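Working notes for the structure below.
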Amino acid sequence: MRRLLLLAVLTALAAPPAAAQFLAPDTVGTPLTLAEAIRLAVEQSPEVRRSELADRSLGSAVRAARAGRLPTLQARVTPQQSYGLAFDQTTGQVASQTVEQAGFSVFGQLPIYDGGRIGATIRQVELERDATAAGLERTRQEVALDVAQGFLQLLLDREIVEIQAEQLAAAEGQLARVAELVEAGARPRGDLIAQQSVVAERQTALVEARGAVALDRVTLVQAIGLDPAGAYRFVGPDAEALAVTGALAYAPRPAPALVAAAREGRSDRRAQLLRIQAAEAAVGVARASGRPSLALTGQVGTGYSSLQRQLTDPDAIQPTVPVTLADGTEVFVGGAPFTVPTGSPALEQTPFFDQFADNRSGSLELSLTVPIFDRFQTRRGVTEAQVAVEDARIALETLDRAVAADVLQSVVQAETAQARLAAARVQAEAAAAALRVERDRYLFGAGTLYDVAEAQARLAEAEGARAQAAYTLVFRVALVRLAVGDVDVAGLADQITGE
């Protein structure tokens, strides 16, 4: 009967808590590797997409600035209808009249000289676009590193789950051995109760570890931009695989060389240099406002008016009368009698399309504009542009200090992680040996169950510290690359895992 009771206790302790059923490992779902997670995160990141939109906008601005050298061309159509009183030559009276008119013209202007404003504007916008592109690359790198950190944290917590599961199995095995010793009368019943407490602690630790993995999955799904309702299985190397691939082998370079490489390779620093050059080009744009400009303007056009008339029969001979003096003597001009027509000729409205040909006109104008006094607006613009240049240079100096600090801090953290990994390996090996000794001492009656539990706890802690040190080293090495600017987003996963 006592043996059956002990077996029932062991069975109850071995069963996982009900809440742990919701924390099952992600063995089903769409598999995602680190490389795929980084690619999806970079494609769907709001920060990256906003930077890409800014880059597209500046690309359009570059095209618009380059088009400033081309002539402008405009077409104008001006239909008009006016109402009022006018003198009617036919009746000799003032009458109400409606006049319909339409004008059609095409204007064109070609800038010949603008003081260098267009060229400076093109250079400014091109440099701003290049700076945005460099900043976009830095944004992609940071997004990729953030996802890689979350992915590695998930792999680390999985390792801890496996460690806690192994420790639980070992505690349950120890519980079975203690039960046999208690049944045989070799150990007091208090040892059985103590070991049951140890098993319960291991179960709690396992549930907490699985909970950490579940939270890691939620955080990673959000960081990548995946559907939260989907099922995903994140696939990555464990700590042993990282050691085999050489991802844990870190050979630090001299700090001065890394700082120099960062100042040459970091895209955010390159973007700031481009911003300085763009600000200098803006000074040229401001100065061009105070210089003369020369432009060529041309115009062609035609028009229509409802008042325009033409002879009904241009070939008809109009009756005339001679002009005479008071005494009746005819007046001669050029040897011929001077006559005037009698009556009014027959007129009709000139056809619409005939007026287009009759009313054609054109002009060509060369205009020179010389600014004399603009209330110091040009001087103010130049001063503000120069201040912007100095501000951009100060930002570069601040960035240089931050770059050097990032490199040095990342190197120190990577070297610390490497030393911590070496110490954790030694500690884990010592803790495993200590546990074996305490178990043997307990079996031979020379030790206590408390000593065994303490040794087991130290082993679990040491193995967790070793796994954490391994993944921390991998991530710290990646941070060194980010600080230096040596991060290839497409190949970041291979750089991290050493594959």
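The values are calculated or read from the model by the stated rules, or taken from the named source; none is laboratory data. What you see is a predicted model; the values in this text were computed from it and never measured. Here the Cβ positions follow ideal geometry from the backbone for every residue, glycine too, while neighbour counts run over all protein chains shown. Remember, those area values only see protein heavy atoms, side chains included, never the ligands or the DNA or RNA. Shrake-Rupley method; radii C 1.70, N 1.55, O 1.52, S 1.80 Å.
Here are some notes:
- Full-extension gain in nm, GLU348 to ASP327, via 0.36 nm per residue minus C-alpha separation: 3.6 nm
- Nearest-10 value in Å² for the accessible area of THR98, using the 1.4 Å probe: 70 Å²
- Heavy-atom accessible surface of ARG63, to the nearest 10 Å², is about 150 Å², with a 1.4 Å probe and all protein chains retained.
- Of the beta bridges in the chain, as assigned by DSSP with both residues counted there, near 90 percent are antiparallel.
- ³J(HN,Hα), Karplus 6.51/-1.76/1.60, whole Hz, each residue of region 66-73, x for Gly, Pro: 5, 5, x, 7, 7, x, 9, 9
- On a per residue basis, the convex hull of the C-alpha atoms belonging to region 367-499 measures out at 171 Å³.
- The charge dipole of region 137-209, taken about the Cα centre with unit charges on the Cβ atoms of Lys, Arg (+1) and Asp, Glu (-1), comes to about 160 debye, rounded to the nearest 20.
- The helix-only estimate of mean residue ellipticity at 222 nm for the chain, built from DSSP H runs of length n ≥ 4 each weighted as -39500 (n - 2.57), is -21500 deg cm²/dmol after division by the residue total.
- Placing unit charges on the Cβ atoms of the charged side chains and taking the dipole of the chain about its Cα centre, the candidate lying farthest along the positive direction among GLN349, GLN386, SER51 is GLN386.
- Phi-derived couplings, Karplus 6.51 cos²θ - 1.76 cosθ + 1.60 at θ = phi - 60°, listed residue by residue for region 32-45: 9, 8, 4, 4, 5, 4, 5, 4, 5, 5, 5, 5, 9, 5 Hz, with x used for Gly and Pro.
- Computed from the C-beta positions of ASP440 and THR219, the FRET efficiency with R₀ = 45 Å rounds to 0.55.
- Residues with amide H under 5 Å from that of PHE107, placed H, sequence gap 5 or more: GLN74, ALA75, ARG76
- A cut-off of 5 Å between modelled amide H atoms, ignoring neighbours fewer than 5 places along the same chain, links ARG187 with VAL182.
- Given their separation in residues at 0.36 nm each and the Cα-Cα distance between them, THR448 and ARG291 gain 47.0 nm when the chain is fully extended.
- Size of electric dipole in the chain: Cβ of Lys, Arg +1 and of Asp, Glu -1, about Cα centre, debye, nearest 20: 1280 debye
- For region 424-476, size of Cβ-based charge dipole, Lys and Arg +1, Asp and Glu -1, in debye: 200 debye
- Spread of Cα-to-Cα distances over 10 Å intervals beginning at zero, given as percent, for the chain: 3, 11, 14, 13, 11, 9, 8, 7, 6, 5, 4, 3, 2, 1, 1, 1, 0, 0
- In order along region 379-387, the phi-based Karplus estimate (6.51 cos²θ - 1.76 cosθ + 1.60, θ = phi - 60°) of 3J(HN,Hα) comes to 4, 5, x, 5, 4, 5, 5, 5, 5 Hz; Gly and Pro are listed as x.
- The residue list ILE112, SER96, ALA194 was ranked by how far each Cα lies along the charge dipole of region 47-200 toward its positive end, using unit charges on Cβ atoms, and SER96 comes out on top.
- Length released on extending from PHE356 to THR78, taking residue separation times 0.36 nm less the Cα-Cα span: 98.7 nm
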